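*Asks:* Just dropping this structure here.
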Amino acid sequence: MSSSSRACFLVVFLTCLVSCHATSDFLGSNYRIDVHSHAIPNIWTQAMISEGFPVKNGTVYNDGAPVPEWSLESHISAMDGLASLPPGVSFIKEAKKAKTLARHINLLLHEYTQIYPARLGALCLLPLPFVNEAVEELNFCLETLKFVGVGLYTNAQGIYLGDSALEPVFAALNARNASVFVHPASPTCTSVALGHPIPMTEYPFDTVRAMENLLLTGQRARYPDLKIIFSHGGGAIPYLASRIAGVASLSYAGGVAFTETMAQLAGYYFDLASATSVIQLTALKSFVGAEHLVTGIDYPYVPLTQAEPGLAGIQGNGNFTNEEMGLIKYQNALEIFPRISDALKF
């Protein structure tokens with residue numbers, strides 16, 4: 001079985017990747033807020049096994065990739081604090097069961113933040129595609145648990161962001177001025193991956209599908225003030241944006257003005273998980289600039305041996321100034337997630 005959401009926890013694990021602490025109004029040049037890492041609690045992997053996900057040599061597989069072993073202690077030890085996304089539950093086909101699992105996971109995330117209050121924040125997991133249950137959970141997480149934001153996926157059981165069914169969710173997000181992180185998911189038509197691991201290319205393209213749907217259905221235009229981060233450098237959107245804008249401007253495709261489309265697509269934020277090469281950073285810098293880029297490394301799916309060189313190469317590969325690196329490392333994240341500043345007692 002293939003799920004439409006990968007093991008992710010947008011818990012916001014806040015602190016630097018080196019030895020520094022947020023005990024004053026100044027965050028040093030080595031400080032980073034990482035908005036994209038993955039926590040993988042046992043309650044989630046056991047739910048996957050119960051739903052029939054394949055297990056090979058004791059390891060659960062999701063979207064053709066192994067789910068890494070994880071613990072809060074190993075995450076903190078390896079990363080010294082990061083941000084991550086809640087594991088999706090859209091593989092659960094019953095609303096009550098999905099809501100129960102989402103609530104258990106959100107309470108677990110809240111517990112993590114209580115253990116490390118200055119280093120961990122949390123983004124709410126919604127039991128989509130069940131909209132009523134999702135809105136209820138959103139309210140609970142933001143109002144009662146005081147999460148810093150909400151985690152969404154590009155699609156849940158084939159219902160993409162932009163779909164009219166999700167209008168109540170976006171209305172609730174907008175009413176609370178919520179900050180949102182979007183992680184790609186597997187498309188329901190998994191055959192497009194030709195038997196290869198879905199995260200390899202289908203995750204970047206599912207990001208494009210979601211952004212395109214938000215554009216063409218008008219859902220993003222109805223909620224333009226929501227701060228939304230898309231992962232992996234926006235997938236293929238920096239390269240495809242002008243093509244999408246050109247076609248969307250034609251009457252048969254919606255007749256959206258070219259400049260309007262480009263402005264909308266460039267109005268999102270993008271994390272730099274798996275997006276640190278010269279080619280990627282050149283495109284991103286041209287498309288949105290440093291003001292819309294944030295740090296992400298995708299641990300533990302991307303091992304530290306791969307993530308650390310990527311982080312070290314961002315400034316040189318993107319030709320960013322020290323001031324621009326300050327934006328990318330933590331300043332943009334503080335702007336997107338203002339509750340982080342409260343946790344760090346700014």
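Throughout, read-outs are computed from the coordinates displayed, never taken from laboratory work. Small disclaimer: the values here were computed from a predicted structure and weren't measured. In this analysis, Cβ positions are derived from the backbone assuming ideal geometry, glycine residues included, and neighbour counts consider all displayed protein chains.
*Asks:* Take Thr305, Thr276, Thr259 and order them by how many other Cβ atoms sit within 10 Å, fewest up front.
*Replies:* Details: Thr305 7, Thr276 22, Thr259 10.
Lowest count first: Thr305, Thr259, Thr276.
*Asks:* Return a whole-number percent for the relative contact order of the range 11-343, with Cα pairs under 8 Å and 6 or more residues apart as the contact set.
*Replies:* Relative CO of the range 11-343 lands at 17 percent.
*Asks:* Once you put a point 7 Å from the Cα of Glu291 and another 7 Å from the Cα of Glu73, both along the Cβ direction, what distance in nm separates them?
*Replies:* For the pair Glu291/Glu73, the computed spacing is 4.6 nm.
*Asks:* If amide H atoms are built 1.01 Å from N in the plane of the peptide, which residues on other chains or at least 5 residues away come under 5 Å of the amide H of Gly88?
*Replies:* Arg6, Cys8
*Asks:* With a ≥ b ≥ c taken as the square roots of the eigenvalues of the C-alpha gyration tensor of the range 159-300, please select rounded if a/c is under 1.5 and otherwise prolate if a/b is larger than b/c or oblate if it is not? Each step should come with its number before you reach the end.
*Replies:* Values: a/c = 1.23, a/b = 1.20, b/c = 1.03.
Rounded, because the longest to shortest axis ratio a/c is under 1.5.
*Asks:* Place the peptides 292-301, 206-215 in order of packing, highest mean first, counting for every residue the other Cβ atoms within 10 Å and averaging per peptide.
*Replies:* Descending packing order for the listed peptides: 292-301, 206-215.
*Asks:* Next up: Hey, rough spin-label estimate for Ser277 and Thr144, points 7 angstrom out along Cα→Cβ, what's it come to in nanometres?
*Replies:* 4.6
*Asks:* Something else about it: Evaluate 2.2 N^0.38 Å with N set to the residue count of the range 11-343, then give the Cα radius of gyration divided by it. If you can, show how the numbers build up before the last one.
*Replies:* Numbers: Rg = 18.8 Å, N = 333, 2.2 N^0.38 = 20.0 Å.
My calculation over the Cα atoms of the range 11-343 gives 0.94.
*Asks:* Next question. Can you tally the net charge around Glu51? Count Lys and Arg as +1, Asp and Glu as -1, for every other residue whose Cβ sits under 11 Å from the Cβ of Glu51.
*Replies:* Details: positive: Lys93, Lys97; negative: Glu94.
Overall, the nearby charge balance is +1.
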